[in-house]
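Laboratory data are not the source of any read-out in this text; all were calculated from the coordinates shown. All values reported here derive from a predicted model rather than from experimental measurement. Cβ placement follows ideal geometry from the backbone for every residue including glycine, while neighbour counts extend to all protein chains displayed.
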Amino acid sequence: MADEANVREQFTEAFKGANYPVNSPMDLVPALPNGPATQFEIGDETITAMELNQKAAGEADYPYETVEELVDDLIEGMKDRDYL
């Protein structure tokens, strides 16, 4: 099982540079260091931002006013799917 604090830190670092509020996943892409290919370590698994978006499809509640709101929802979605 993945370490929630580590995952939260990775997501915050990756998405903090977006121009908030963000209204869709496409608003986040310019902030990512490697675009949709940006990778996250989730426990023993490595997933790209594109895969994260696919796994979280339907879970997002756009718009997000802050990176903290976005990351909180991503973490909740990961917990709901037993990644955390």
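What whole number of Å gives the distance from the Cα centroid of region 1-38 to the Cα centroid of region 45-65?
9
What's the ranking of 43-55, 62-74 by average number of surrounding C-beta atoms within 10 Å, highest first?
Result, highest mean Cβ count within 10 Å first: 62-74, 43-55.
Rounded to the nearest 500, what is the chain's calculated 222 nm mean residue ellipticity when only DSSP H runs of at least 4 contribute -39500 (n - 2.57) each, over all residues?
-12000 deg cm²/dmol
Looking at PRO33, THR12, THR48, which one has the Cα that reaches farthest to the positive end of the dipole of region 4-80 (charges on Cβ: Lys, Arg +1; Asp, Glu -1)?
The residue sitting farthest along the positive end of the dipole is PRO33.
Could you check the spin-label model distance between GLU13 and THR66? Points 7 Å from the Cα along Cα→Cβ, value in nm.
Taking the two extended label points, one gets 2.1 nm.
Mind putting a number on the dipole of region 34-84 about its Cα centre? Charges go on the C-beta only, +1 for Lys and Arg and -1 for Asp and Glu, and I need it in Debye to the nearest 20.
For region 34-84, the charge dipole is close to 240 debye.
Return P(r) of region 4-80 (all Cα-Cα pairs; 10 Å bins starting at 0; whole %; ordered from short to long distances).
It works out to 19, 62, 18, 0, in whole percents.
How high is the relative contact order of the chain, in percent, counting Cα pairs under 8 Å that sit 6 or more residues apart?
Answer for the chain is 36 percent.
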